[in-house]
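Read-outs: derived from the displayed coordinates by stated rules, not from any lab. It should be emphasised that the depicted structure is a prediction, and the values quoted were computed from it without experimental measurement. Virtual Cβ from ideal backbone geometry, glycine too; neighbours counted across all protein chains shown.
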Amino acid sequence: MLRFDLISIFPEYLSPLKLSLLGKAQNKGLLQINIHDLRDQTTDLHQSVDDTPYGGGAGMVMSPVVWGDAIDEITSNGQVIDLIILTPAGKKFNQQMAVKFSKCDQIIFACGRYEGIDARVGDYYRSQKNFRVHEVSIGDYVLGGGEVAAMVIIEATARLLPGVIGNPDSLREESHSISGQDDQQLVEYPNYTKPAQWRGLEVPQVLLSGNHGEIAKWRRSEAERRTRNLEQE
Ligand code: 6GU
């Protein structure tokens with residue numbers, strides 16, 4: 001069973017992970033999500049997790065001591081652990097990465113705040129043979145911390161696990177899993193449901209035709225058109 005461990009100074013910020021699809025999946029025993037408070041690892045009166053940057057500059061940097069202790073505490077020996085460090089400087093998350101993460105045993109999410117985590121945390125765990133370290137961003141903008149990014153990655157990853165989604169067919173047909181000609185990714189075709197007329201707008205005739213070959217062709221060309229339009233923006 002895939003186990004997610006999240007470490008954050010705002011554990012309550014991660015409470016949506018108990019809801020909806022992910023909540024049900026945990027109740028069914030399909031995956032496990034554990035949330036840890038980074039401050040539990042502090043030893044000083046003020047429970048400090050950060051300090052000023054060596055070399056000067058604005059902001060604060062999170063302590064490698066506190067992070068190392070927090071990660072070690074949830075490290076179960078034996079299996080490989082994937083450590084995801086959330087940072088706007090990381091590799092941009094995509095569907096292929098979600099597929100890879102869905103095949104892991106244990107994923108630890110280090111949700112940094114401030115100017116980020118001391119760089120030696122990534123270096124140290126990269127040197128440990130039972131760890132794989134990934135620095136990941138969810139897009140080209142800056143968030144206040146990694147918590148929302150971790151939830152994005154977990155939601156995208158967990159729904160690929162067997163049993164999490166009611167109808168597994170919806171995994172194959174949807175956006176970003178449809179492979180185009182040269183295996184390039186296509187976004188999804190537009191979808192319609194009843195009524196056939198709404199506020200003067202009609203559902204495309206071909207979808208009412210019952211001709212499955214024509215419908216598949218139309219959907220394919222719409223997906224290609226939408227993908228081309230996105231590339232032009
Ligand atoms: Cl993972 N963290 C922060 N702080 N900002 C981000 C991000 C992560 N991904 C995009 N922006």
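At a glance:
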quantity: Dipole of the chain, positive direction: furthest Cα of Gly90, Val187, Gln205, with charges on the beta-carbon; calculated: Gln205
quantity: Set Lys24/Lys217; Lys18/Lys100; Lys100/Lys129; Lys100/Lys217; Lys92/Lys194; Lys91/Lys129 screened for pairs whose C-alpha atoms are more than 26 Å apart; calculated: Lys24/Lys217; Lys100/Lys217; Lys92/Lys194
quantity: Neighbour cut-off at most 11 other Cβ (10 Å), DSSP loop, chymotrypsin sites (Phe, Trp or Tyr not before Pro), the stretch 99-145; calculated: Tyr141
quantity: Relative pair counts by distance (%), Cα atoms of the stretch 90-158, 5 Å bins; calculated: 3, 14, 27, 26, 20, 9, 1
quantity: Alpha-carbon gyration tensor eigenvalues x 5, square-rooted, for the stretch 127-177, Å; calculated: 26, 18, 10
quantity: Alpha carbon Rg of the chain, scaled by the compact-globule rule 2.2 N^0.38 Å; calculated: 1.25
quantity: Radius of gyration and maximum dimension Dmax of the stretch 1-99, Cα, Å; calculated: 16.0, 50
quantity: Hydrodynamic radius of the stretch 56-99 per Kirkwood, over alpha carbon pairs, in Å; calculated: 13.6
quantity: Quotient of C-alpha Rg and 2.2 N^0.38 Å, computed over the stretch 41-141; calculated: 1.14
quantity: Inter-centroid distance (Cα atoms) of the stretch 8-25 relative to the stretch 38-72, Å; calculated: 24
quantity: Label-point separation, Asn130 to Thr52 (7 Å along Cα→Cβ), nm; calculated: 3.9
quantity: Per residue Cα convex hull volume in Å³ - calculated over the stretch 30-71; calculated: 102
